[in-house]
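First comes the structure, then the notes that go with it.
The values are calculated or read from the model by the stated rules, or taken from the named source; none is laboratory data. Bear in mind the structure is a predicted one, so any value in this text is a computation, not a measurement. Glycine also receives a Cβ, built like all others from the backbone with ideal geometry; neighbour counts cover every protein chain displayed.
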Ligand SMILES: Cc1ncc(COP(=O)(O)O)c(C=O)c1O
């Protein structure tokens, strides 16, 4: 008889490349009621798709309003996904489970396994492709932590487009590595607020040391786009079409759990604008909407930007300068200036309309954490599994660990799954601050959400 130990089939679950999903999943086909319509930022009347065509590639606008359940991934994008490579592994964190001494099982989807280091590339490739097909020359965007900008810079290089990125000043200063990556891919990167735009200049006149926010950077990117005919704007989160592209994560994860005959009881993810968690969760929540699943879905946000835990479900602008469409979402107000926490990708005042709707209707819940406790969770993951996660992803890791510790008390063998949306290898300065006890925790004392519509 062989002396070798049987290998557990759920250590790392690999989906063969020829089983990668061929279509994205559109939750709009399955919501119990239509989402409240987006409004024109100037008239506050329901927005027709037409003005959006000046801002986004046409196919993306079509996807934004589509209610088709499955939308085919174009061959060129499918090919680019395969070479990232996709499917990404689903890992079981056995050493973390052992360290926590929990009967729960913890799984995570490895969205950091690609050259950009995060999930953002899943939508960047699709957006760059549709712009290329339309004959657009330049894509323009903003970036918080630098992950979305990096992803779009790569995608633009692959599909031979020019790329301009407005990077939130706080991250630009904290993460020179991200800027250098984007520049290596050929993008031009500007710290926001900047002197490039009228809006940026107006902010700098009032406050020359303004550390920026995603809301301000979005306004600058939109203003720049509207000044150049053959440019289009790309957004890395919040919108329906971005979430659509991210569902490749959850569709793969569903197949991977089926392969090992395990079904998650809890799915969690961090939320900046909400795209990675939605992309991970929606293929599973489709079953819950049909009454076929009792799984729990938990969105994890920073206490410094508590949009869903302390904000209001209401109409609000997507950007600070009030140029982006007004949508109904959980928000802490578009004028909110998020504190400079290291999870730069979670410094956005609002959350995706579909995700906000699902939280409002009780299909999902949400929690908030201070940054020190999330870095403590990240340290545990690093020392047990060897993986240094992004400060953003550490928020849902913290929730997964807390749930596993609850199971230790109750003896429940829950299956907990989180989306590991990015690695933290360009966030080592933040880890250094944590290890030296220099991290500050922030929480707004009051929240002021203006009534827009
Ligand atoms: C690693 C990582 N995770 C999560 C997020 C949050 O974005 P979203 O909620 O849109 O997925 C970001 C945003 O930059 C990110 O870089």
Counted residues in the stretch 393-429 being crowded, with 20+ Cβ neighbours inside 10 Å, touching a helix residue (DSSP H, G or I) at 6+ places or on another chain (Cβ under 7 Å) and over 18 Å from residue 271 (Cα atoms) come to 2
Is there any pair with a first residue in the stretch 230-243 that is under 13 Å from residue 162 (Cβ atoms) and a second that is more than 10 Å from the ligand (Cβ to nearest atom) and in a strand (DSSP E or B) whose Cβ atoms are under 7 Å apart and which are 6 or more apart or on different chains, and what are they? 230/138; 231/138; 231/140; 232/139; 234/139; 234/141
Of the residues 417, 453, which single one is more than 25 Å from residue 174 (Cβ to Cβ), modelled with pLDDT of 95 or more and either part of a loop (DSSP other than H, G, I, E, B) or under 26 Å from the mean Cα position of the chain (by Cα) (or both)? 417
What number of residues in the stretch 384-414 are part of a helix (DSSP H, G or I) and within 16 Å of the ligand (Cβ to nearest atom)? 7
So for the stretch 79-92 (the condition being touching a residue at least 60 places away in the same chain (Cβ under 8 Å), more than 24 Å from the chain's Cα centre (by Cα) and more than 16 Å from the ligand (Cβ to nearest atom)), does at least one residue qualify? no
Name the single residue that is farthest from residue 120 (Cα to Cα) among those in the stretch 325-369 being assigned to a helix (DSSP H, G or I) and in contact with a helix residue (DSSP H, G or I) (Cβ under 9 Å, 6 or more places away or on another chain). 358
Hits in the stretch 37-55 - residues which are in contact with a strand residue (DSSP E or B) (Cβ under 7 Å, 6 or more places away or on another chain) and surrounded by fewer than 18 Cβ atoms within 10 Å (Cβ to Cβ): 37, 44, 45, 46
Given (1) in a strand (DSSP E or B); (2) within 16 Å of the ligand (Cβ to nearest atom); (3) more than 30 Å from residue 414 (Cα to Cα), number of the condition residue 108 does not satisfy: (3)
List the number of the failed condition for residue 307; all other conditions in (1) without any contact (Cβ under 8 Å) to a residue 60 or more places away in the chain; (2) within 16 Å of the ligand (Cβ to nearest atom); (3) surrounded by fewer than 24 Cβ atoms within 10 Å (Cβ to Cβ) hold. (3)
Conditions: (1) within 16 Å of the ligand (Cβ to nearest atom); (2) surrounded by 21 or more Cβ atoms within 10 Å (Cβ to Cβ); (3) part of a loop (DSSP other than H, G, I, E, B). Residue 126 meets all but one. Number of the miss? (3)
For residue 58, state whether it is touching a residue at least 12 places away in the same chain (Cβ under 8 Å), out of contact with any strand residue (DSSP E or B) (no Cβ under 9 Å at 6 or more places or on another chain) and either farther than 27 Å from residue 165 by Cβ or away from the ligand (no atom under 16 Å from the Cβ) (or both). yes
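Every residue, every condition in (1) in a helix (DSSP H, G or I); (2) modelled with pLDDT of 95 or more; (3) touching a strand residue (DSSP E or B) at 6+ places or on another chain (Cβ under 8 Å); (4) surrounded by fewer than 24 Cβ atoms within 10 Å (Cβ to Cβ), yes or no:
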{"site": "199", "(1), (2), (3), (4)": "yes, yes, no, yes"}
{"site": "202", "(1), (2), (3), (4)": "yes, yes, no, yes"}
{"site": "212", "(1), (2), (3), (4)": "no, no, yes, no"}
{"site": "216", "(1), (2), (3), (4)": "yes, no, yes, no"}
{"site": "221", "(1), (2), (3), (4)": "yes, yes, yes, no"}
{"site": "224", "(1), (2), (3), (4)": "yes, yes, yes, yes"}
{"site": "228", "(1), (2), (3), (4)": "no, yes, yes, yes"}
{"site": "243", "(1), (2), (3), (4)": "yes, yes, no, no"}
{"site": "247", "(1), (2), (3), (4)": "yes, yes, yes, no"}
Scan the stretch 376-392 for residues that are within 19 Å of the chain's Cα centre (by Cα) and crowded, with 24+ Cβ neighbours inside 10 Å and report the count. 5
Restrict the check to the stretch 273-281 and report whether at least one residue is assigned to a strand (DSSP E or B), within 30 Å of residue 404 (Cβ to Cβ) and within 13 Å of the ligand (Cβ to nearest atom). no
Of everything in the stretch 136-172 that's assigned to a helix (DSSP H, G or I) and under 22 Å from residue 321 (Cβ atoms), which residue is farthest from the ligand (Cβ to nearest atom)? 169
